[in-house]
1. Given H placed 1.01 Å from N in the peptide plane, which residues other than close sequence neighbours of VAL219 have an amide H under 5 Å from its amide H?
2. Could you give the semi-axes, largest first, of the ellipsoid that matches the stretch 342-385, computed as the square roots of 5 times the alpha carbon gyration tensor eigenvalues and rounded to whole Å?
3. To the nearest Å, what is the center-to-center distance of the stretch 455-486 and the stretch 648-683, using C-alpha atoms only?
4. Write down the Kirkwood hydrodynamic radius of the stretch 308-364, to one decimal in angstroms, obtained as one divided by the mean of 1/r over all alpha carbon pairs.
5. How big is D, in µm² s⁻¹, for the stretch 75-167 by Stokes-Einstein at 4 °C and 1.567 mPa s if Rh is the Kirkwood radius over C-alpha pairs?
6. VAL263: accessible area at probe 1.4 Å, nearest 10 Å²?
7. Using the alpha carbon gyration tensor of the stretch 482-532, what are the three equivalent-ellipsoid semi-axes (square root of 5 times each eigenvalue), largest first, in whole Å?
8. At a probe radius of 1.4 Å, what is the per-residue accessible area of TYR289, in Å² to the nearest 10?
Amino acid sequence: MWIQIRSVYPVDSMDPDLNMIFMDPTDLDPNLNSDMKNESVSEISRIRSTSDPLTYLVPTIKGTCTWSKRRMPFISQIERQSDYSSFRPSCPIVIDNGASYFRLGWAGETDPRVIFRNIVQRPRHKITGETVTVVGDHNPALLKYFDCTRSGPRSAFESNVVYQFEIMEYILDFGFDRLGADQSQIDHPILITECACNPVQSRGKMAELLFESYGVPSVAFGVDAAFSYKYNQKLGICNDTGLAISSGFTTSHVIPFINGEPVYEACCRTNVGGYHVTDYLKQLISLKYPHHISKLTWEKVEELKMEHCYIAADYASEVQLFQRGDKEAEEKTRCWQLPWTPSPAEEPPSEEEIARKAAVKEKQSQRLREMAEAKRSSKINELENELKGLEFLLEELKDIEDDEIVSFLASRGYTSKREVESAFAKVSQSLRKAKGEQVPSEEKVDVSAVEKYYLIDIPDDELSAEQLKEKRRQVFLKSTTEARQRAKQKRLEEELEKEKEKKLEEQKRLENPERYLEQLRAKYKELSEKLEQRKRLKTNGNHANGNNNVSGGVGRGERLNAAQRERMRLLTTAAFDRGKGEDTFGQRDEDWQLYKLMSRDNDDDDDDKPDQDEAELARISSRLQEIDHTFFRGSESGASASETPRFRPLTKEDFQIILGVERFRCPEVLFNPNFIGIDQSGLDEMVGVSLRRLPTWGQGLEDKMTRSILVTGGSCLYPGMAERLEAGIRMIRPCGTPIKILRATDPIMDAWRGASAYAAAIEFPQQTFSRMDYYEKGEDWLRRYKFRYTI
């Protein structure tokens with residue numbers, strides 16, 4: 001049945017192979033009448049070519065709109081086959097339904113027609129909100145129109161058993177459409193693969209899906225590993241009696257064969273496969289390079305696994321080899337270079353740019369000079385006006401009697417004539433400085449020392465109350481000024497001393513740069529260790545190992561130093577004495593000293609103030625960063641946290657992912673599943689388990705088995721697999737047992753090719769389960785269904 005719909009997606013975003021669109025019947029175009037629905041395929045193609053470009057005529061596999069009500073567009077790059085109608089209805093369709101890939105083709109051919117990943121994803125369109133169905137491989141460019149955050153890839157398999165048959169319907173719909181099916185039913189027998197010892201419930205649901213939804217005439221179920229073994233037996237690679245080791249995507253099997261038929265009673269299975277190897281590799285690389293986790297997609301990690309991983313002949317020896325880090329380990333290390341664009345090199349500015357910048361700078365300088373000159377002229381005018389006012393005030397004082405001078409000056413804001421004279425001298429000095437004239441040092445001394453502090457040398461009994469207050473202020477100002485001058489002088493002396501030491505250090509560096517750098521690094525290391533040790537002692541309560549604390553923790557008292565503990569003692573004593581009676585603290589002079597001790601921590605090791613060692617470490621670190629560009633200061637150095645860290649630019653090496661021990665550690669889970677928390681046997685142990693389960697068929701059967709051990713499946717492609725299997729099996733078999741490991745011609749495609757050759761045989765219809773048998777006997781008859789591989 002054909003349904004016409006209006007596409008809701010832009011034409012430029014549509015894949016030309018957008019092949020299946022299922023919509024609700026209410027969304028059908030009203031222009032589509034019943035006669036058009038019954039037209040032939042050729043006529044529909046003609047209408048499709050002449051219709052509106054946004055109109056698509058597409059087939060539905062099912063025959064009713066009700067069944068296809070929930071279906072939405074499939075997106076794929078797989079080319080649709082056009083020769084479906086050329087095959088006779090008796091020609092079987094062969095399906096290799098693997099947990100990783102779905103392969104579909106015609107019986108008798110050497111390669112399948114359709115191959116895609118056996119997954120389904122259902123994202124929503126970002127504009128319309130409609131859901132689309134993405135099956136298998138798809139064009140990533142189309143997914144920018146869809147929201148994939150709420151719908152990840154889903155598989156129909158649980159381990160290697162099909163349980164999600166709704167997803168399986170999507171897979172089969174898409175596979176049959178890509179094969180070219182253009183009818184409501186599939187009128188061809190089906191041969192589909194399954195896992196060894198597949199549950200009858202899963203097989204029955206698969207038969208129900210094929211018979212009732214697709215109307216296939218008959219179905220046959222076979223084991224993929226058995227088809228691969230029989231195919232290689234026909235090529236003369238393995239014997240009719242032997243073992244098949246099949247390591248697939250999610251599981252691994254060991255199946256014994258006797259006279260060409262599998263013995264399922266003795267087969268063995270482990271829930272470890274290629275999926276677990278890829279997932280383990282992805283976890284290891286993500287932990288090693290967390291800043292590149294966005295680049296580690298599943299597809300890329302799968303590619304890295306198939307390209308670089310190998311099986312170690314002896315895992316312990318290989319680990320020791322990489323621990324030593326010798327030349328052989330370097331040769332086995334691989335590097336994956338991520339896309340990286342180096343920072344553009346800074347080109348020197350041209351002469352025109354230099355001239356332009358110089359002109360701009362000169363213009364700005366000229367503007368600043370003009371502003372400074374205007375400010376200077378304004379200041380000179382202010383000082384001259386102030387100086388004239390002071391001169392006029394001094395002239396007025398000459399005409400005033402002595403007993404009225406104090407009241408006159410008080411009205412002008414002054415206390416004495418000496419203060420006016422001091423202000424006059426100060427303004428004169430400032431005016432000279434503003435005009436650029438040189439000020440004599442004697443005048444500076446006189447102004448600052450004699451006129452400014454004129455009340456200091458006068459006895460207190462000769463001064464009034466206001467003058468005593470002014471005298472105390474002058475004493476305080478003089479003491480603070482002298483203290484500042486002493487501190488300034490001390491700083492100057494320290495700077496001179498540092499400059500002298502710096503010159504000596506520079507002289508040492510020029511004499512022997514290597515030795516100087518070595519000494520700096522040694523001193524840096526010594527100070528870092530010293531500060532780290534001090535930090536540990538402070539944390540552990542001044543105990544080297546911190547074991548003196550019986551409770552196992554570190555209390556506040558153990559972290560305090562001597563001065564802080566003394567302060568705590570004083571506080572405790574004062575609080576204790578206060579409760580005894582009247583509080584008299586502060587009435588005595590010695591209480592002031594006690595109060596100062598109690599109110600602050602007189603601690604040389606205060607965390608807020610870096611000590612000498614920290615300052616020296618910061619200086620050495622800064623010096624090392626100046627002369628050694630390879631030096632980067634660590635966060636554990638114990639230096640001041642206020643210093644801004646230096647970040648080096650990213651280089652090509654920062655965008656490299658190194659694969660060393662991961663190359664053989666990840667595939668090792670096939671032999672040691674306990675690496676990833678699966679308590680099951682490895683491939684070599686599974687061989688011993690399978691041989692022990694064999695019935696007693698006669699002497700020498702186990703030796704015949706070990707003479708023909710075929711490895712197949714995608715997870716046996718690792719280099720070193722055959723050697724590791726032989727070594728592992730030899731350890732569990734008696735001495736002298738003949739062991740021969742054989743590899744399938746194509747471990748991935750041999751299962752489908754074996755099934756294709758089997759379905760092309762004349763006797764194949766005898767092994768099928770017809771639709772009539774299904775309707776008459778029901779799916780319970782599948783319990784007694786037994787497929788024979790030798791026909």
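The values are calculated or read from the model by the stated rules, or taken from the named source; none is laboratory data. The shown structure was predicted, so the numbers you read here are calculated from the model rather than taken from an experiment. For neighbour counting, all protein chains shown are included, and Cβ atoms are generated from backbone atoms with ideal geometry for every residue, glycine included. Keep in mind that these areas ignore ligands, DNA and RNA; they rest on the heavy atoms of the full protein, side chains included. Shrake-Rupley method; radii C 1.70, N 1.55, O 1.52, S 1.80 Å.
1. Answer set, sorted by chain and number: ILE190, PHE769, SER770.
2. 41, 11, 4
3. The two parts, judged by their Cα centres, are 81 Å apart.
4. Roughly 17.0 Å, rounded to one decimal.
5. Translational diffusion coefficient: 86 µm²/s.
6. 20 Å²
7. Result for the stretch 482-532: semi-axes of 30, 18, 4 Å.
8. Number for this one is 30 Å².
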